[in-house]
Amino acid sequence: MHANGTKSNDKSSITARVLAGAVGSAFAFQTILILVEQIRGGFNAIGIVLASALALVTLICWWGAVNGISVKTRSRLHYGLKGGLIMGSLAFAGGFVGPMILMPESNQGPLVGIFFTGPVGFVIGYLSGIVYGWNRISANDGQVAID
């Protein structure tokens, strides 16, 4: 990998790209299964949220597989991942702990964080991180800013 953002074709980057494509394909298969079940059995919020989170992970993996050796692409993926992990963690914690505080008699409160607010927070955070990274890299005339 060259410092100026040009592509290199060493074995480790090719292996990483093939692995990213395979993982993305596995997530795509799971997403399709969830969507088919949603169509057959009727739509529900949890299925849609999980399918959208899995679809985002699929797109991340495929984006890395197709153009992952570019320094700018890896930097944008990095910003997105940071945003997704931060926002997803905060949303998960709020959805996990919040219902236990507000309704302690409910035994299903933590499921809100696991199945709803965590995945939604990850998707929103990832997309926000991608936009932030795209603008930051574009503002630097294509130069990757190291954080």
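The values are calculated or read from the model by the stated rules, or taken from the named source; none is laboratory data. Fair warning: this is a prediction, and the values are worked out from it, not measured in the lab. Quick reminder, even Gly has a Cβ in these numbers, built from the backbone with ideal geometry, and neighbours come from all protein chains shown.
Brief remarks follow.
- Options LEU102, LEU81; residue that is modelled with pLDDT of 85 or more and closer than 21 Å to VAL18 by Cβ: LEU81
- Flag for GLY64 being surrounded by 15 or more Cβ atoms within 10 Å (Cβ to Cβ), more than 17 Å from the chain's Cα centre (by Cα) and in a helix (DSSP H, G or I): no
- A single entry from SER138, SER106, SER75, SER70 fulfils the requirement of being more than 29 Å from LEU33 (Cα to Cα), touching a Lys or Arg at 6+ places or on another chain (Cβ under 7 Å) and hydroxyl-bearing (Ser, Thr, Tyr): SER70.
- Residues located in segment 71-107, provided they are over 18 Å from TYR132 (Cβ atoms), of a type in the set (Gly, Ala, Ser) and surrounded by 14 or more Cβ atoms within 10 Å (Cβ to Cβ): ALA93, GLY94, GLY95, GLY98
- None of VAL57, VAL120 is outside any loop (DSSP other than H, G, I, E, B), farther than 30 Å from SER12 by Cβ and not small (Gly, Ala, Ser) except VAL120.
- Candidates in segment 31-54 are the residues that are part of a helix (DSSP H, G or I) and of a type in the set (Gly, Ala, Ser); of these, the one that is nearest to the chain's Cα centre (by Cα) is ALA53.
- Here GLU105 clears all of (1) in contact (Cβ under 8 Å) with a residue 12 or more places away in the chain; (2) among the charged types (D, E, K, R); (3) part of a loop (DSSP other than H, G, I, E, B) except the condition numbered (1).
- Residue match in segment 34-53 (condition: aliphatic (A, V, I, L, M), touching a Leu at 6+ places or on another chain (Cβ under 8 Å) and surrounded by 14 or more Cβ atoms within 10 Å (Cβ to Cβ)): yes
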